[in-house]
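Values quoted throughout were computed directly from the atomic coordinates according to the rules given, and no laboratory measurement underlies them. Owing to the predicted nature of the structure, the values given are computational and were not obtained by experimental measurement. Quick reminder, even Gly has a Cβ in these numbers, built from the backbone with ideal geometry, and neighbours come from all protein chains shown.
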Amino acid sequence: MHVAKRTKKVGSWQAVGALVAHYRRQARLTQEQFADVANLSVDAVGSIEQGRLALQPDRAEQFDELLGTGGALAVLVAKMPVRERMPQFAQGLVDIEQEAVSILSYQTQMVHGLLQTEDYCRASFDYRFPLFEDETAEQWVASRMERQQIWLRKQPPFGHFILEEAILRSGIGGSAIMREQIRKLREYGDLVHMGLQIMPTGRVPHAGLAGPMTLLETPNHDHAVYLEVQRASFLVEDPDEVSVYQLKYGMLRSQALSPDESARFLDRLLGES
């Protein structure tokens with residue numbers, strides 16, 4: 001079992017940050033002056049320059065304009081791999097996710113990140129404790145939305161998701177955001193490469209009481225399970241352990257509402273039946 005711990009962002013973003021600092025000094029601006037014109041906190045500017053905070057594409061374009069760098073930062077950021085936009089503890093997941101041929105997931109508290117609308121994703125960070133700084137939250141939102149590009153591949157992965165009913169009744173972000181998220185789930189459920197099932201409240205015991213899980217398969221037919229709890233995440237690759245989670249997931253599929261029943265359930269939530 002591999003345990004990935006949360007650590008500060010280093011490496012490629014340090015190079016990007018060093019370039020930002022170089023251009024800022026060439027413009028004869030202090031961090032305080034640049035933070036003021038960029039409408040950022042001084043701490044955020046310092047974090048970007050030190051590589052602790054990823055420079056997002058829209059912010060890179062803003063910096064290019066403010067510093068007169070001819071689009072250099074935007075070009076550099078656009079070339080960064082998706083994994084580099086993720087917190088380090090989740091990079092192992094993203095590496096597999098980007099090439100996976102199948103992604104199966106059971107969720108208990110939140111809609112899976114690969115299915116979230118942007119507004120739902122952003123609202124979910126409003127409930128995080130301790131809170132993110134605004135710039136960090138936007139970094140995570142942008143990264144999560146970019147991860148969803150896997151569904152647009154010429155041959156997208158097969159995705160199957162089981163969601164607890166309570167997720168759909170949580171009201172995250174308010175009724176309008178939640179309704180749009182449910183509508184998006186309903187659309188996903190109609191895709192040929194996607195399956196969606198709802199585990200109704202009260203249907204216990206079932207095979208998922210130990211918590212959420214995401215099962216992934218690579219093009220070479222290697223299998224892994226990603227588990228996340230509080231501030232720790234685990235990428236399980238031992239075949240014997242993975243087999244146990246596959247059995248659990250198979251049982252969950254038999255215990256949840258069928259795909260057709262789940263679609264009708266979502267329609268009822270939307271008031272469309």
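Quick one: helix 239-255 against the long Cα principal axis of the chain, what's the angle to the nearest 10°, folded into 0 to 90?
60
As a test, work out the antiparallel percent of DSSP beta bridges whose residues both lie in the chain, rounded to the nearest 5. Intermediate values should be presented prior to the final figure.
Values: 17 of 29 bridges.
Around 60 percent of the beta bridges assigned by DSSP in the chain are antiparallel ones.
Just grab the label-to-label distance for ALA18 and GLU61, each label 7 Å out from Cα along the Cβ direction, in nm (one decimal).
Placing both labels 7 Å along Cα→Cβ, they lie 2.8 nm apart.
Test of understanding: what is the full-extension gain from VAL75 to GLN148, defined as 0.36 nm times their sequence separation minus their Cα-Cα distance? Write down the numbers at each step before the final one.
Numbers: separation 73, 0.36 × 73 = 26.28 nm, distance 2.14 nm.
Length gained between VAL75 and GLN148: 24.1 nm.
With +1 assigned to the C-beta of every Lys and Arg and -1 to the C-beta of every Asp and Glu, and no other charges, what is the dipole magnitude of region 84-270 about the Cα centre in debye, to the nearest 20? Intermediate results must be reported in sequence, preceding the final value.
On the way: 18 positive and 27 negative charges, 146 e Å.
Roughly 700 debye for region 84-270.
Give the residue list of GluC sites (Glu not before Pro) in region 99-155 that are DSSP loop and have at most 16 other beta-carbon atoms within 10 angstrom.
On the way: sites: GLU99, GLU118, GLU133, GLU135, GLU138, GLU146; in loops: GLU99, GLU133.
Counting only loop positions with at most 16 other Cβ atoms within 10 Å, the GluC sites (Glu not before Pro) in region 99-155 are GLU99, GLU133.
Using the number of other C-beta atoms within 10 angstrom as an exposure proxy, rank SER143, SER254 with the fewest first.
On the way: SER143 21, SER254 10.
Fewest-to-most Cβ neighbours within 10 Å comes out as SER254, SER143.
Springs between alpha-carbon pairs under 10 angstrom, Gaussian network model over the chain: which of ALA210, ALA15, ALA137 fluctuates most?
Ranking ALA210, ALA15, ALA137 by mean-square fluctuation puts ALA210 first.
Please compute the Kirkwood hydrodynamic radius over the chain, one decimal place, Å, based on all pairs of different Cα atoms.
On the way: mean 1/r = 0.0492 Å⁻¹.
Averaging 1/r across every pair of different Cα atoms and inverting gives 20.3 Å.
Could you count how many Lys pairs in the chain have their Cα atoms under 28 Å apart, skipping same-chain pairs fewer than 8 positions apart? Present the calculation step by step, with values, prior to reporting the outcome.
Working: LYS5/LYS79; LYS5/LYS248; LYS8/LYS79; LYS9/LYS79; LYS79/LYS154; LYS154/LYS184; LYS184/LYS248.
Here the count comes out as 7.
Please give the calculated 222 nm ellipticity per residue for the chain, where each DSSP H segment of at least 4 residues contributes -39500 (n - 2.57) and the sum is spread over every residue; nearest 500 deg cm²/dmol? Before the final figure, lay out the partial values.
Working: 12 runs with 126 residues, N = 273.
Computed ellipticity for the chain at 222 nm equals -14000 deg cm²/dmol.
Please state the charge dipole magnitude for region 8-80, taken about the Cα centre, from unit charges on C-beta atoms (+1 on K and R, -1 on D and E), reported in debye and rounded to the nearest 20.
Details: 8 positive and 8 negative charges, 69 e Å.
Dipole magnitude for region 8-80 comes out near 320 debye.
Quick one: angle between helix 175-189 and the longest Cα principal axis of the chain, in degrees between 0 and 90, rounded to 10, please.
Tilt relative to the chain: about 60 degrees.
Between GLY46, GLY250, GLY202, find the one with the highest GNM mean-square fluctuation for the chain; connect C-alpha pairs within less than 10 Å.
Highest fluctuation among the options: GLY202.
What is the sum of charges, Lys and Arg at +1 and Asp and Glu at -1, for the other residues whose Cβ falls under 15 Å from the Cβ of ALA207?
Working: positive: ARG203, LYS248, ARG253; negative: GLU164.
Net of charged neighbours comes to +2.
Multiplying the sequence separation of LEU247 and ALA176 by 0.36 nm and subtracting their Cα-Cα distance, what value in nm do you get? Kindly include the intermediate steps, with their values, before the conclusion.
Numbers: separation 71, 0.36 × 71 = 25.56 nm, distance 3.69 nm.
Additional length available on full extension: 21.9 nm.
Using a basic spin-label model with each label point 7 Å from the Cα along Cα→Cβ, how many nm lie between THR30 and LEU270?
So the two model labels end up 5.5 nm from each other.
Tell me which of TYR245, GLN116, MET80 sits at the most positive position along the dipole axis of the chain, charges placed on C-beta atoms (Lys, Arg +1; Asp, Glu -1).
TYR245
Could you state, as a whole-number percent, how many of the C-alpha pairs of region 8-80 are farther apart than 16 Å?
On the way: 1029 of 2628 pairs.
It works out to 39 percent of all Cα pairs.
Kindly express, to the nearest 10 degrees and within the range 0 to 90, the angle between helix 57-67's C-alpha long axis and the longest C-alpha principal axis of the chain.
Helix 57-67 sits roughly 10 degrees off the main axis of the chain.
Could you tally the net charge around LEU19, taking each other residue with its Cβ under 13 Å from the Cβ of LEU19, Lys/Arg +1 and Asp/Glu -1? Kindly include the intermediate steps, with their values, before the conclusion.
Details: positive: ARG24, ARG25, LYS79; negative: GLU49, ASP64.
Overall, the nearby charge balance is +1.
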